[in-house]
1. Size of the dipole of the stretch 280-410 about the Cα centre, Lys and Arg at +1 and Asp and Glu at -1 on the beta carbon, nothing else charged, in debye to 20?
2. Calculate the FRET efficiency for VAL260 and ARG171 from the Cβ-Cβ distance with a Förster distance of 30 Å, rounded to the nearest 0.05.
3. I'd like the projected area of the stretch 182-248, averaged over all directions, using the convex hull of its alpha carbons. Report it in nm² with one decimal.
4. Past 24 Å, Cα to Cα: identify those pairs from LYS202/LYS262; LYS153/LYS403; LYS202/LYS279; LYS197/LYS258; LYS98/LYS328, in the order given.
5. Output wanted: per-residue J couplings in Hz (rounded whole) for the stretch 181-188, from phi through Karplus 6.51 cos²θ - 1.76 cosθ + 1.60, θ = phi - 60°, x for Gly and Pro.
6. Bin all alpha-carbon pair distances of the stretch 87-185 at 5 Å intervals from 0 and give each bin's fraction as a whole percent.
7. At most 15 other Cβ atoms within 10 Å and a DSSP loop assignment: could you name the trypsin sites (Lys or Arg not before Pro) in the stretch 60-106 that fit?
8. Give, as a single signed number, the net charge of other residues whose beta carbon lies under 11 Å from the beta carbon of ALA344, with Lys and Arg counted +1 and Asp and Glu -1.
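Quick note: the coordinates plus some simple rules give every number you see, no bench work behind them. None of these values were measured; they are calculated from a predicted model. Cβ placement follows ideal geometry from the backbone for every residue including glycine, while neighbour counts extend to all protein chains displayed.
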Amino acid sequence: MEKYEPLSPPVRAAVRRSMTDGRGALARRSLLRATAAGAVGVAALTACGIPPASSSAGGAPSEDDSDKDKKVNFSNWTQYIDVSDDEKTRPTLERFAKRTGIEVSYTEDINDNVEFFGKIKPQLAAGQDTGRDLIVLTDWIAARMIRLGWVQKLDPANLPNAFANLQPQFRSPAWDPGRAHSYPWSGISTVIAYNIKATKGKEVTSVSQLLDDPSLKGRVALLSEMRDTVGMTLLDMGKDPGDFTDDDYDAAVARIQKAVDKQQIRRFTGNDYTGDLNKGDIAACTAWAGDLIQLQADNPDIRFAIPEAGYISSTDNLLIPNKARHKKNAERLIDYYYEPENAAELAAWINFVCPVAGAREVLAKTDEETASDPLIFPDKAMAAAAHDFRALSSEEETDYEAKFAKLIGA
């Protein structure tokens, strides 16, 4: 009988929370994008657990039809690629097809990570083709896919641009050392945001200020995503979120609890902090950079800060699932988006962190304002301050999410 890896009740609660008002509610332009899980996805993931891949299917290559069948099937999130002004075409994909002769069947059928995982799980568990050659998933679920052996290793020979141009901060996450199975589509940064009018001209640049500054009492918000809030607190305490102990985690939770007890924190939020921050009801908070780019366009009082201790960075990632029939074509498409010209066009449209070196310089020739935005193109100091939250075991995830849920009253 197969062993299963079901989600525990605390983790199920966390992914539901993320879908309704957490990172799962992040705005992708004008549409909602989910990066964690919805009720449908939770049901799909937990109804019978997640079986490990069989030895015959785990990470196994399939027969590659790329040379004789010039196509690639690409599944992505909605509003996560460049489009023409009339919204009828996708310019970068059209140029790829024209250059290579490879037709891209592009589908926006990813609405949240776990729902999509549930959609492709039966085929992957059975060692079958999902009908997709390339998919985009957030790092924590990408790590799970790799751990289960359901993602193919990439061939470096087909990825010269990706290997050369991947920004250093994204090169070797703990969940995929050396990027053997994945390359980032974009990055997501967790930073500090504040309304300079609401703080009466005071800059807010550290988590310590959020937790302890009496002038901010009752007007602070922290994110309801465990990895972001605890990770930022660990950094402020001098701990590495990529390498911490149970005791370190408990100490970070205790520190946040102290701020809750003295009513320093107004509430824990998803991206609904944006309205209160814009109005000044929240003076300062932890925030996602993608939100701030949009807020700053309308409100000059919105500022952001990168703490001296650093910030939490995550990624959405390109993966080739097991048994994909056009692996080489998919690798060529990945590599195409690591050419600076193509990466610059993509970044200018989606406004998330660009992982491709050289793209900023290309974009600066036509759009200096966007090219100069450190939330899209981190400078060296900002890139050096980025930290990943380490991959968790199932037992750790259950324990940590339960403690965090108690902290935030979820």
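1. The dipole of the stretch 280-410 has a size of about 600 debye.
2. Values: r = 37 Å, r/R0 = 1.23.
According to the calculation, E is roughly 0.20.
3. Its average projected convex-hull area is 6.4 nm².
4. Numbers: LYS202/LYS262 21 Å; LYS153/LYS403 36 Å; LYS202/LYS279 17 Å; LYS197/LYS258 27 Å; LYS98/LYS328 17 Å.
Over 24 Å apart, Cα to Cα: LYS153/LYS403; LYS197/LYS258.
5. The phi angles translate into 10, 8, 9, x, 7, 7, x, 10 Hz.
6. Bins of 5 Å from zero give 2, 10, 19, 21, 20, 18, 10, 1 percent of pairs.
7. In loop regions of the stretch 60-106 (DSSP not H, G, I, E or B), the sparsely surrounded trypsin sites (Lys or Arg not before Pro) are LYS68, LYS70, LYS88.
8. Numbers: positive: ARG360, LYS365; negative: ASP82, GLU339, GLU341, GLU345, GLU361, ASP367.
In short, -4.
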